[in-house]
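Enquirer: There's a structure below that I have some questions on.
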Amino acid sequence: MHLRLSIFLIFPFLFISCASDPQSRSSRESANRFTSSHNTGLKSAPLLKGVVSRNSAIQHALIYSPRLQSLRAELRALEAETIQAGLPPNPEIGLDVENFAGSGESSGFNGAEITAALSQKLELGGKRSKRTMVAALKSAALKAEIASEERNIRIAADRAFTTLLEARKLRELSEQNLGRAEENLSTLNTLLEVGKSNRIDVGKARLAISEAKENLAEARSTESNASAELSQIWGGGSPNVTAAGSLDAPRGAVPSNPESAISRHPAMRAAALRFARAQATYDLEKVKRYSDIEVGGGVREMRDANETAAVVGIRIPLPIFDRNQGNIQAAKERLDSAQANGRATESELRSRITKLSSDLRAARSRSSEFDTRTINAARLGLTDTREAYNSGKASLLEVLDARKTLFKVERGQTRAQADLLRAHNSLKTMTNN
(Lines give C-alpha, C1' and ligand atoms only; values in the text may rest on other atoms or scores of the structure.)
Protein backbone atom coordinates (compact mmCIF):
# COMPACT_ATOMS: atom_id res chain seq x y z
CA MET A 1 0.00 0.00 0.00
CA HIS A 2 2.77 2.44 0.95
CA LEU A 3 4.61 1.65 -2.29
CA ARG A 4 1.52 2.36 -4.36
CA LEU A 5 0.89 5.54 -2.41
CA SER A 6 4.48 6.70 -2.92
CA ILE A 7 4.26 6.11 -6.64
CA PHE A 8 0.98 7.99 -6.75
CA LEU A 9 2.50 10.98 -4.97
CA ILE A 10 5.69 11.04 -7.03
CA PHE A 11 3.91 10.70 -10.38
CA PRO A 12 2.79 14.38 -10.67
CA PHE A 13 6.34 15.60 -10.08
CA LEU A 14 7.69 13.23 -12.71
CA PHE A 15 5.03 14.45 -15.12
CA ILE A 16 5.94 18.11 -14.53
CA SER A 17 9.64 17.33 -14.99
CA CYS A 18 9.07 15.48 -18.25
CA ALA A 19 6.77 18.22 -19.54
CA SER A 20 9.29 21.00 -18.86
CA ASP A 21 12.28 19.24 -20.40
CA PRO A 22 10.99 19.24 -24.03
CA GLN A 23 10.30 22.95 -23.68
CA SER A 24 13.90 23.66 -22.75
CA ARG A 25 15.10 21.46 -25.60
CA SER A 26 12.77 23.29 -27.97
CA SER A 27 14.20 26.66 -26.83
CA ARG A 28 17.75 25.46 -27.41
CA GLU A 29 16.84 24.12 -30.86
CA SER A 30 15.19 27.42 -31.80
CA ALA A 31 18.28 29.35 -30.71
CA ASN A 32 20.49 26.99 -32.72
CA ARG A 33 18.33 27.42 -35.81
CA PHE A 34 18.49 31.22 -35.50
CA THR A 35 22.27 31.13 -35.10
CA SER A 36 22.66 28.81 -38.06
CA SER A 37 20.38 30.90 -40.25
CA HIS A 38 22.15 34.10 -39.22
CA ASN A 39 25.60 32.68 -39.92
CA THR A 40 24.75 31.16 -43.31
CA GLY A 41 22.95 34.31 -44.53
CA LEU A 42 19.90 32.47 -45.83
CA LYS A 43 17.91 35.71 -45.94
CA SER A 44 20.50 37.77 -47.80
CA ALA A 45 19.99 38.87 -51.37
CA PRO A 46 21.71 36.92 -54.16
CA LEU A 47 24.47 38.65 -56.04
CA LEU A 48 23.32 41.11 -58.66
CA LYS A 49 26.19 42.47 -60.72
CA GLY A 50 27.08 43.67 -64.18
CA VAL A 51 24.72 45.71 -66.32
CA VAL A 52 21.32 46.00 -64.63
CA SER A 53 18.10 47.54 -65.93
CA ARG A 54 15.94 49.88 -63.90
CA ASN A 55 13.08 47.43 -63.59
CA SER A 56 15.28 44.52 -62.50
CA ALA A 57 16.94 46.68 -59.82
CA ILE A 58 13.55 47.78 -58.46
CA GLN A 59 12.15 44.24 -58.45
CA HIS A 60 15.29 42.93 -56.74
CA ALA A 61 14.87 45.55 -54.02
CA LEU A 62 11.18 44.72 -53.55
CA ILE A 63 11.97 41.03 -53.10
CA TYR A 64 15.09 41.17 -50.94
CA SER A 65 14.77 44.39 -48.95
CA PRO A 66 15.55 43.43 -45.32
CA ARG A 67 12.91 45.87 -44.13
CA LEU A 68 10.22 44.26 -46.31
CA GLN A 69 11.35 40.75 -45.37
CA SER A 70 10.99 41.67 -41.70
CA LEU A 71 7.51 43.11 -42.21
CA ARG A 72 6.36 40.10 -44.24
CA ALA A 73 7.58 37.71 -41.56
CA GLU A 74 5.71 39.75 -38.94
CA LEU A 75 2.58 39.61 -41.12
CA ARG A 76 2.76 35.81 -41.20
CA ALA A 77 3.09 35.86 -37.42
CA LEU A 78 0.04 38.11 -37.07
CA GLU A 79 -2.00 35.88 -39.35
CA ALA A 80 -1.13 32.95 -37.11
CA GLU A 81 -2.10 35.00 -34.05
CA THR A 82 -5.44 35.78 -35.70
CA ILE A 83 -6.14 32.04 -35.91
CA GLN A 84 -5.09 31.66 -32.28
CA ALA A 85 -7.34 34.54 -31.18
CA GLY A 86 -10.40 32.81 -32.62
CA LEU A 87 -9.92 29.61 -30.63
CA PRO A 88 -12.08 29.01 -27.53
CA PRO A 89 -10.53 28.10 -24.17
CA ASN A 90 -9.61 24.46 -23.73
CA PRO A 91 -11.72 22.33 -21.41
CA GLU A 92 -10.00 21.19 -18.25
CA ILE A 93 -10.04 17.79 -16.61
CA GLY A 94 -9.38 17.55 -12.91
CA LEU A 95 -8.69 14.75 -10.45
CA ASP A 96 -9.00 15.38 -6.71
CA VAL A 97 -8.06 12.83 -4.03
CA GLU A 98 -9.14 13.61 -0.47
CA ASN A 99 -9.06 11.94 2.95
CA PHE A 100 -6.07 9.64 2.54
CA ALA A 101 -2.69 9.08 4.18
CA GLY A 102 -3.99 10.58 7.41
CA SER A 103 -4.55 9.13 10.87
CA GLY A 104 -7.27 6.89 12.20
CA GLU A 105 -9.88 5.95 9.65
CA SER A 106 -8.21 8.25 7.09
CA SER A 107 -4.97 6.29 7.14
CA GLY A 108 -4.03 4.47 3.97
CA PHE A 109 -5.98 4.83 0.80
CA ASN A 110 -9.13 2.79 1.41
CA GLY A 111 -11.05 5.72 2.88
CA ALA A 112 -10.16 8.15 0.13
CA GLU A 113 -12.67 10.19 -1.83
CA ILE A 114 -11.75 10.51 -5.52
CA THR A 115 -13.40 13.14 -7.73
CA ALA A 116 -12.92 13.26 -11.51
CA ALA A 117 -14.45 16.32 -13.18
CA LEU A 118 -14.49 18.09 -16.56
CA SER A 119 -14.86 21.88 -16.65
CA GLN A 120 -15.17 24.50 -19.38
CA LYS A 121 -14.71 28.26 -19.24
CA LEU A 122 -17.50 30.20 -20.99
CA GLU A 123 -16.44 33.60 -22.35
CA LEU A 124 -19.17 36.22 -22.01
CA GLY A 125 -19.77 39.48 -23.83
CA GLY A 126 -18.48 38.27 -27.20
CA LYS A 127 -14.87 38.35 -26.06
CA ARG A 128 -13.72 35.78 -28.60
CA SER A 129 -15.23 37.57 -31.62
CA LYS A 130 -13.88 40.92 -30.43
CA ARG A 131 -10.46 39.40 -29.76
CA THR A 132 -10.45 37.92 -33.27
CA MET A 133 -11.46 41.29 -34.73
CA VAL A 134 -8.53 43.03 -32.98
CA ALA A 135 -6.07 40.46 -34.33
CA ALA A 136 -7.53 40.62 -37.85
CA LEU A 137 -7.37 44.43 -37.93
CA LYS A 138 -3.78 44.34 -36.71
CA SER A 139 -2.91 42.02 -39.58
CA ALA A 140 -4.81 44.16 -42.11
CA ALA A 141 -3.05 47.32 -40.89
CA LEU A 142 0.33 45.67 -41.34
CA LYS A 143 -0.63 44.62 -44.88
CA ALA A 144 -1.32 48.27 -45.69
CA GLU A 145 1.97 49.28 -44.04
CA ILE A 146 3.79 46.77 -46.22
CA ALA A 147 2.13 48.21 -49.32
CA SER A 148 3.23 51.69 -48.22
CA GLU A 149 6.77 50.49 -47.52
CA GLU A 150 6.89 48.77 -50.92
CA ARG A 151 6.06 52.11 -52.50
CA ASN A 152 8.85 53.76 -50.49
CA ILE A 153 11.32 51.03 -51.49
CA ARG A 154 10.30 51.44 -55.13
CA ILE A 155 10.95 55.18 -54.92
CA ALA A 156 14.29 54.70 -53.15
CA ALA A 157 15.47 52.06 -55.63
CA ASP A 158 14.38 54.16 -58.62
CA ARG A 159 16.15 57.26 -57.31
CA ALA A 160 19.30 55.28 -56.49
CA PHE A 161 19.25 53.74 -59.97
CA THR A 162 18.90 57.19 -61.56
CA THR A 163 21.81 58.42 -59.43
CA LEU A 164 23.89 55.47 -60.62
CA LEU A 165 22.87 56.21 -64.21
CA GLU A 166 23.84 59.85 -63.70
CA ALA A 167 27.21 58.77 -62.25
CA ARG A 168 27.84 56.51 -65.22
CA LYS A 169 27.06 59.32 -67.65
CA LEU A 170 29.31 61.76 -65.75
CA ARG A 171 32.10 59.19 -65.79
CA GLU A 172 31.72 58.79 -69.57
CA LEU A 173 31.78 62.58 -70.01
CA SER A 174 34.94 62.73 -67.88
CA GLU A 175 36.53 60.09 -70.12
CA GLN A 176 35.58 62.13 -73.18
CA ASN A 177 36.97 65.27 -71.55
CA LEU A 178 40.26 63.48 -70.86
CA GLY A 179 40.32 62.30 -74.46
CA ARG A 180 39.90 65.88 -75.70
CA ALA A 181 42.70 67.06 -73.41
CA GLU A 182 45.03 64.32 -74.65
CA GLU A 183 44.09 65.09 -78.25
CA ASN A 184 44.86 68.75 -77.61
CA LEU A 185 48.29 67.87 -76.18
CA SER A 186 49.02 65.64 -79.16
CA THR A 187 48.15 68.51 -81.51
CA LEU A 188 50.38 70.91 -79.59
CA ASN A 189 53.31 68.49 -79.70
CA THR A 190 52.89 68.23 -83.47
CA LEU A 191 52.76 72.01 -83.82
CA LEU A 192 55.79 72.31 -81.53
CA GLU A 193 57.81 70.12 -83.88
CA VAL A 194 57.09 72.42 -86.81
CA GLY A 195 57.64 75.57 -84.75
CA LYS A 196 53.98 76.65 -84.61
CA SER A 197 53.65 76.19 -80.84
CA ASN A 198 55.78 76.71 -77.74
CA ARG A 199 56.73 74.78 -74.63
CA ILE A 200 54.65 77.04 -72.39
CA ASP A 201 51.47 75.99 -74.19
CA VAL A 202 52.55 72.33 -74.05
CA GLY A 203 53.03 72.67 -70.27
CA LYS A 204 49.58 74.18 -69.90
CA ALA A 205 48.12 71.32 -71.92
CA ARG A 206 49.81 68.79 -69.63
CA LEU A 207 48.33 70.51 -66.59
CA ALA A 208 44.92 70.34 -68.27
CA ILE A 209 45.36 66.58 -68.66
CA SER A 210 46.17 66.25 -64.95
CA GLU A 211 43.00 68.15 -64.11
CA ALA A 212 40.96 65.96 -66.47
CA LYS A 213 42.39 62.81 -64.86
CA GLU A 214 41.44 64.11 -61.44
CA ASN A 215 37.87 64.73 -62.63
CA LEU A 216 37.75 61.20 -64.04
CA ALA A 217 38.99 59.65 -60.79
CA GLU A 218 36.33 61.56 -58.87
CA ALA A 219 33.63 60.44 -61.33
CA ARG A 220 34.68 56.79 -60.99
CA SER A 221 34.58 57.03 -57.21
CA THR A 222 31.12 58.59 -57.37
CA GLU A 223 29.89 55.80 -59.63
CA SER A 224 31.27 53.15 -57.27
CA ASN A 225 29.58 54.79 -54.29
CA ALA A 226 26.29 55.04 -56.18
CA SER A 227 26.50 51.33 -57.02
CA ALA A 228 27.05 50.47 -53.34
CA GLU A 229 24.13 52.65 -52.25
CA LEU A 230 21.82 50.95 -54.74
CA SER A 231 22.83 47.46 -53.58
CA GLN A 232 22.33 48.52 -49.97
CA ILE A 233 18.60 48.94 -50.62
CA TRP A 234 18.21 45.21 -51.28
CA GLY A 235 20.43 44.29 -48.38
CA GLY A 236 23.89 43.77 -49.82
CA GLY A 237 25.27 41.61 -52.55
CA SER A 238 27.94 42.81 -54.93
CA PRO A 239 28.11 46.61 -55.36
CA ASN A 240 29.69 46.13 -58.79
CA VAL A 241 26.55 47.16 -60.67
CA THR A 242 26.34 49.27 -63.82
CA ALA A 243 23.09 51.02 -64.74
CA ALA A 244 21.64 50.35 -68.18
CA GLY A 245 19.52 52.93 -69.97
CA SER A 246 19.57 56.65 -70.58
CA LEU A 247 18.54 59.89 -68.91
CA ASP A 248 15.96 60.71 -71.56
CA ALA A 249 12.97 62.82 -70.58
CA PRO A 250 10.44 60.77 -68.57
CA ARG A 251 7.26 59.60 -70.20
CA GLY A 252 3.71 59.74 -68.93
CA ALA A 253 1.89 62.37 -66.94
CA VAL A 254 1.90 62.68 -63.18
CA PRO A 255 -1.54 62.61 -61.47
CA SER A 256 -2.49 66.20 -60.70
CA ASN A 257 -4.95 65.62 -57.83
CA PRO A 258 -2.88 65.45 -54.63
CA GLU A 259 -5.90 65.10 -52.32
CA SER A 260 -7.07 62.01 -54.15
CA ALA A 261 -3.55 60.60 -54.10
CA ILE A 262 -3.29 61.17 -50.35
CA SER A 263 -6.65 59.59 -49.58
CA ARG A 264 -5.80 56.50 -51.65
CA HIS A 265 -2.23 56.09 -50.40
CA PRO A 266 -1.67 52.80 -48.51
CA ALA A 267 -0.17 54.76 -45.60
CA MET A 268 -3.56 56.43 -45.07
CA ARG A 269 -5.27 53.06 -45.33
CA ALA A 270 -2.86 51.71 -42.71
CA ALA A 271 -3.62 54.69 -40.44
CA ALA A 272 -7.37 54.09 -40.78
CA LEU A 273 -6.95 50.41 -39.97
CA ARG A 274 -4.79 51.21 -36.94
CA PHE A 275 -7.55 53.50 -35.69
CA ALA A 276 -10.12 50.76 -36.28
CA ARG A 277 -7.89 48.32 -34.38
CA ALA A 278 -7.62 50.79 -31.48
CA GLN A 279 -11.42 51.10 -31.44
CA ALA A 280 -11.81 47.32 -31.47
CA THR A 281 -9.25 47.00 -28.67
CA TYR A 282 -11.19 49.56 -26.63
CA ASP A 283 -14.40 47.58 -27.15
CA LEU A 284 -12.63 44.37 -26.16
CA GLU A 285 -11.21 45.85 -22.96
CA LYS A 286 -14.65 47.14 -21.99
CA VAL A 287 -16.27 43.70 -22.24
CA LYS A 288 -13.44 42.24 -20.17
CA ARG A 289 -15.12 43.95 -17.21
CA TYR A 290 -17.57 41.06 -17.22
CA SER A 291 -16.22 37.93 -15.60
CA ASP A 292 -16.22 34.66 -17.47
CA ILE A 293 -17.88 31.71 -15.79
CA GLU A 294 -16.58 28.22 -15.48
CA VAL A 295 -18.95 25.24 -15.35
CA GLY A 296 -18.05 21.63 -14.76
CA GLY A 297 -19.27 18.24 -13.69
CA GLY A 298 -17.94 14.83 -12.83
CA VAL A 299 -18.08 11.77 -10.64
CA ARG A 300 -17.01 11.29 -7.01
CA GLU A 301 -16.08 7.89 -5.58
CA MET A 302 -16.23 7.36 -1.82
CA ARG A 303 -14.17 4.26 -1.24
CA ASP A 304 -15.03 3.64 2.40
CA ALA A 305 -18.75 3.52 1.61
CA ASN A 306 -18.23 1.96 -1.80
CA GLU A 307 -20.50 4.64 -3.32
CA THR A 308 -20.35 6.98 -6.31
CA ALA A 309 -22.15 10.28 -6.86
CA ALA A 310 -22.37 13.00 -9.47
CA VAL A 311 -20.89 16.44 -8.83
CA VAL A 312 -21.50 19.73 -10.67
CA GLY A 313 -20.00 23.12 -10.11
CA ILE A 314 -19.92 26.69 -11.32
CA ARG A 315 -17.30 29.36 -10.60
CA ILE A 316 -17.82 33.08 -11.13
CA PRO A 317 -15.01 35.54 -10.25
CA LEU A 318 -16.22 38.55 -8.29
CA PRO A 319 -15.12 41.83 -9.96
CA ILE A 320 -14.50 43.65 -6.72
CA PHE A 321 -10.96 45.00 -7.17
CA ASP A 322 -10.05 44.30 -10.79
CA ARG A 323 -12.66 45.59 -13.21
CA ASN A 324 -10.07 46.04 -15.99
CA GLN A 325 -10.27 49.79 -15.45
CA GLY A 326 -6.56 50.37 -16.16
CA ASN A 327 -6.62 48.54 -19.51
CA ILE A 328 -9.81 50.36 -20.51
CA GLN A 329 -8.22 53.73 -19.87
CA ALA A 330 -5.05 52.68 -21.72
CA ALA A 331 -7.12 51.55 -24.72
CA LYS A 332 -8.97 54.87 -24.73
CA GLU A 333 -5.68 56.79 -24.76
CA ARG A 334 -4.36 54.64 -27.60
CA LEU A 335 -7.52 55.41 -29.53
CA ASP A 336 -6.67 59.12 -29.29
CA SER A 337 -3.07 58.31 -30.23
CA ALA A 338 -4.16 56.42 -33.36
CA GLN A 339 -6.33 59.35 -34.41
CA ALA A 340 -3.43 61.78 -33.98
CA ASN A 341 -1.08 59.47 -35.88
CA GLY A 342 -3.57 59.42 -38.75
CA ARG A 343 -3.45 63.22 -38.96
CA ALA A 344 0.35 63.13 -38.80
CA THR A 345 0.46 60.60 -41.65
CA GLU A 346 -1.80 62.78 -43.79
CA SER A 347 0.35 65.85 -43.07
CA GLU A 348 3.54 63.97 -43.92
CA LEU A 349 2.14 62.69 -47.22
CA ARG A 350 0.95 66.16 -48.20
CA SER A 351 4.37 67.63 -47.37
CA ARG A 352 6.18 64.95 -49.42
CA ILE A 353 3.92 65.45 -52.44
CA THR A 354 4.29 69.24 -52.22
CA LYS A 355 8.08 68.98 -52.07
CA LEU A 356 8.26 66.52 -54.97
CA SER A 357 5.98 68.76 -57.05
CA SER A 358 8.26 71.71 -56.34
CA ASP A 359 11.34 69.63 -57.20
CA LEU A 360 9.72 68.59 -60.47
CA ARG A 361 8.96 72.17 -61.50
CA ALA A 362 12.51 73.27 -60.68
CA ALA A 363 13.99 70.30 -62.54
CA ARG A 364 11.91 71.04 -65.64
CA SER A 365 13.07 74.65 -65.57
CA ARG A 366 16.74 73.63 -65.27
CA SER A 367 16.43 70.94 -67.91
CA SER A 368 14.99 73.41 -70.41
CA GLU A 369 18.16 75.48 -70.11
CA PHE A 370 20.29 72.63 -71.44
CA ASP A 371 18.59 71.83 -74.74
CA THR A 372 20.29 70.41 -77.84
CA ARG A 373 21.07 73.85 -79.20
CA THR A 374 23.06 74.73 -76.08
CA ILE A 375 25.18 71.59 -76.33
CA ASN A 376 25.73 72.05 -80.07
CA ALA A 377 26.74 75.70 -79.54
CA ALA A 378 29.34 74.66 -76.91
CA ARG A 379 30.75 71.94 -79.20
CA LEU A 380 30.88 74.31 -82.16
CA GLY A 381 32.59 76.90 -79.99
CA LEU A 382 35.36 74.43 -79.08
CA THR A 383 35.85 73.43 -82.71
CA ASP A 384 36.02 77.06 -83.92
CA THR A 385 38.45 78.03 -81.11
CA ARG A 386 40.75 75.13 -82.01
CA GLU A 387 40.82 76.16 -85.64
CA ALA A 388 41.46 79.78 -84.65
CA TYR A 389 44.36 78.66 -82.44
CA ASN A 390 45.85 76.56 -85.23
CA SER A 391 45.74 79.62 -87.50
CA GLY A 392 47.22 81.85 -84.81
CA LYS A 393 44.03 83.84 -84.22
CA ALA A 394 43.31 82.55 -80.69
CA SER A 395 45.35 81.70 -77.60
CA LEU A 396 45.62 78.32 -75.89
CA LEU A 397 43.82 79.79 -72.89
CA GLU A 398 40.78 80.36 -75.10
CA VAL A 399 40.94 76.73 -76.26
CA LEU A 400 41.11 75.48 -72.67
CA ASP A 401 38.22 77.74 -71.67
CA ALA A 402 36.11 76.45 -74.58
CA ARG A 403 36.78 72.84 -73.58
CA LYS A 404 35.94 73.55 -69.94
CA THR A 405 32.75 75.31 -71.04
CA LEU A 406 31.68 72.28 -73.09
CA PHE A 407 32.46 69.92 -70.20
CA LYS A 408 30.51 72.13 -67.78
CA VAL A 409 27.49 72.33 -70.09
CA GLU A 410 27.51 68.55 -70.66
CA ARG A 411 27.67 67.84 -66.93
CA GLY A 412 24.99 70.45 -66.23
CA GLN A 413 22.69 68.83 -68.78
CA THR A 414 23.29 65.36 -67.27
CA ARG A 415 22.54 66.53 -63.75
CA ALA A 416 19.44 68.43 -64.85
CA GLN A 417 18.14 65.36 -66.69
CA ALA A 418 18.82 63.18 -63.63
CA ASP A 419 17.03 65.64 -61.32
CA LEU A 420 14.05 65.70 -63.66
CA LEU A 421 13.92 61.91 -63.87
CA ARG A 422 14.19 61.48 -60.09
CA ALA A 423 11.49 64.05 -59.33
CA HIS A 424 9.12 62.79 -62.03
CA ASN A 425 9.39 59.09 -61.17
CA SER A 426 9.22 59.70 -57.41
CA LEU A 427 6.10 61.85 -57.68
CA LYS A 428 4.47 59.44 -60.11
CA THR A 429 5.05 56.48 -57.79
CA MET A 430 4.01 58.50 -54.76
CA THR A 431 0.67 59.53 -56.31
CA ASN A 432 -0.02 56.30 -58.17
CA ASN A 433 -3.44 54.99 -57.21
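The values are calculated or read from the model by the stated rules, or taken from the named source; none is laboratory data. Model, not experiment: these values are computed from the prediction. Don't worry about glycine lacking a Cβ; one is built from the backbone with ideal geometry, like all the others, and counts go over all protein chains shown. What goes into the accessible areas is simple: the full protein's heavy atoms, side chains included, and nothing from ligands, DNA or RNA. Shrake-Rupley method; radii C 1.70, N 1.55, O 1.52, S 1.80 Å.
Enquirer: In region 351-373, what residues are modelled with pLDDT under 90, open to solvent by less than 50 Å² (accessible area, probe 1.4 Å) and in a helix (DSSP H, G or I)?
Expert: If the condition is that a residue be modelled with pLDDT under 90, open to solvent by less than 50 Å² (accessible area, probe 1.4 Å) and in a helix (DSSP H, G or I), then Ser367 is the only one that fits.
Enquirer: Looking only at region 50-107, which residues are part of a strand (DSSP E or B), open to solvent by 90 Å² or more (accessible area, probe 1.4 Å) and farther than 30 Å from Asp292 by Cβ?
Expert: Val51
Enquirer: Hey, among Val287, Val295, which residue is touching a residue at least 24 places away in the same chain (Cβ under 8 Å) and touching a strand residue (DSSP E or B) at 6+ places or on another chain (Cβ under 7 Å)?
Expert: Result: Val295 is the single residue among Val287, Val295 that is touching a residue at least 24 places away in the same chain (Cβ under 8 Å) and touching a strand residue (DSSP E or B) at 6+ places or on another chain (Cβ under 7 Å).
Enquirer: Name the single residue that is farthest from Ala135 (Cα to Cα) among those in region 247-283 being in contact (Cβ under 8 Å) with a residue 24 or more places away in the chain, outside any loop (DSSP other than H, G, I, E, B) and more than 24 Å from the chain's Cα centre (by Cα).
Expert: Pro258
Enquirer: Out of all the residues in region 120-134, is one or more at pLDDT 95 or above and of a type in the set (A, V, I, L, M)?
Expert: Within region 120-134 (the criterion being at pLDDT 95 or above and of a type in the set (A, V, I, L, M)), the answer is yes, since at least one residue qualifies.
Enquirer: Determine which member of the set Thr308, Thr281 is β-branched (Val, Ile, Thr) and within 30 Å of Glu149 (Cα to Cα). Walk me through how you get there before you give the answer.
Expert: Working: Thr308 fails: within 30 Å of Glu149 (Cα to Cα).
Within the list Thr308, Thr281, the selection yields Thr281.
Enquirer: Another question, if that's okay. Six or more apart or on different chains, Cβ atoms under 6 Å: show the pairs whose first residue is in region 140-162 and more than 18 Å from Ala270 (Cα to Cα) and among the small types (Gly, Ala, Ser) and whose second is modelled with pLDDT under 95 and surrounded by fewer than 20 Cβ atoms within 10 Å (Cβ to Cβ).
Expert: Cβ pairs passing all conditions: Ala160/Glu229.
Enquirer: Please work out which one of (1) over 40 Å from the mean Cα position of the chain (by Cα); (2) open to solvent by less than 90 Å² (accessible area, probe 1.4 Å) is the condition Ser347 fails and give its number.
Expert: (1)
Enquirer: Sticking with this one: Only one of (1) open to solvent by 20 Å² or more (accessible area, probe 1.4 Å); (2) at pLDDT 95 or above fails for Glu211. Which number is that?
Expert: (2)
Enquirer: Let me ask you something else. Restricting attention to region 284-297, and to residues there that are hydrophobic (A, V, I, L, M, F, W, C) and open to solvent by less than 30 Å² (accessible area, probe 1.4 Å), which single residue is farthest from the chain's Cα centre (by Cα)? Lay out the reasoning, then the answer.
Expert: Of the residues in region 284-297, the ones hydrophobic (A, V, I, L, M, F, W, C) are 284, 287, 293, 295.
Retained after the next criterion (residues that are open to solvent by less than 30 Å² (accessible area, probe 1.4 Å)): 284, 287.
Working: Leu284: 30, Val287: 36 Å.
Per the stated criteria, the residue is Val287.
Enquirer: Please tell me if Thr372 is free of Cβ contacts under 8 Å to residues at least 24 places away in the same chain, of a type in the set (Val, Ile, Thr) and under 19 Å from Gln176 (Cα atoms). Walk me through it before giving the result.
Expert: Details: free of Cβ contacts under 8 Å to residues at least 24 places away in the same chain: yes; of a type in the set (Val, Ile, Thr): yes; under 19 Å from Gln176 (Cα atoms): yes.
Answer is yes for this residue.
Enquirer: Given Glu387, Glu333, Glu398, which one is surrounded by 14 or more Cβ atoms within 10 Å (Cβ to Cβ) and assigned to a helix (DSSP H, G or I)?
Expert: Going through Glu387, Glu333, Glu398 in turn, just one is surrounded by 14 or more Cβ atoms within 10 Å (Cβ to Cβ) and assigned to a helix (DSSP H, G or I): Glu398.
Enquirer: Hey, any hits in region 175-194 for a residue that's among the polar types (S, T, N, Q), buried (at least 19 other Cβ atoms within 10 Å of the Cβ) and without any contact (Cβ under 8 Å) to a residue 60 or more places away in the chain? Before the answer, list the steps.
Expert: As a first pass, look at region 175-194 and keep what is among the polar types (S, T, N, Q): 176-177, 184, 186-187, 189-190.
Going one step further and asking which of them are buried (at least 19 other Cβ atoms within 10 Å of the Cβ), we end up with 177, 184.
Filter again for without any contact (Cβ under 8 Å) to a residue 60 or more places away in the chain, leaving none.
Within region 175-194, none of the residues are among the polar types (S, T, N, Q), buried (at least 19 other Cβ atoms within 10 Å of the Cβ) and without any contact (Cβ under 8 Å) to a residue 60 or more places away in the chain.
Enquirer: For region 33-49, which positions are open to solvent by 100 Å² or more (accessible area, probe 1.4 Å) and either at pLDDT 55 or above or assigned to a helix (DSSP H, G or I) (or both)? Steps first, please.
Expert: The first filter runs over region 33-49 and keeps only residues open to solvent by 100 Å² or more (accessible area, probe 1.4 Å), leaving 33-34, 38-39, 42-43, 47, 49.
Those that are open to solvent by 100 Å² or more (accessible area, probe 1.4 Å) and either at pLDDT 55 or above or assigned to a helix (DSSP H, G or I) (or both): Arg33, Phe34, His38, Asn39, Lys43, Leu47, Lys49.
Enquirer: Same structure again: Read through the list (1) open to solvent by 20 Å² or more (accessible area, probe 1.4 Å); (2) under 30 Å from Arg180 (Cβ atoms); (3) not in a helix (DSSP H, G or I), then give the number of the only condition that Thr222 fails.
Expert: Unmet condition: (3).
Enquirer: Which ones in region 251-283 are open to solvent by less than 50 Å² (accessible area, probe 1.4 Å) and among the aromatic types (Phe, Trp, Tyr)?
Expert: Across region 251-283, the qualifying residue is only Tyr282.
Enquirer: Which one of Leu247, Leu230 is hydrophobic (A, V, I, L, M, F, W, C), in contact with a strand residue (DSSP E or B) (Cβ under 7 Å, 6 or more places away or on another chain) and farther than 30 Å from Gln339 by Cβ?
Expert: Working: Leu247 fails: in contact with a strand residue (DSSP E or B) (Cβ under 7 Å, 6 or more places away or on another chain).
Exactly one of Leu247, Leu230 is hydrophobic (A, V, I, L, M, F, W, C), in contact with a strand residue (DSSP E or B) (Cβ under 7 Å, 6 or more places away or on another chain) and farther than 30 Å from Gln339 by Cβ, namely Leu230.
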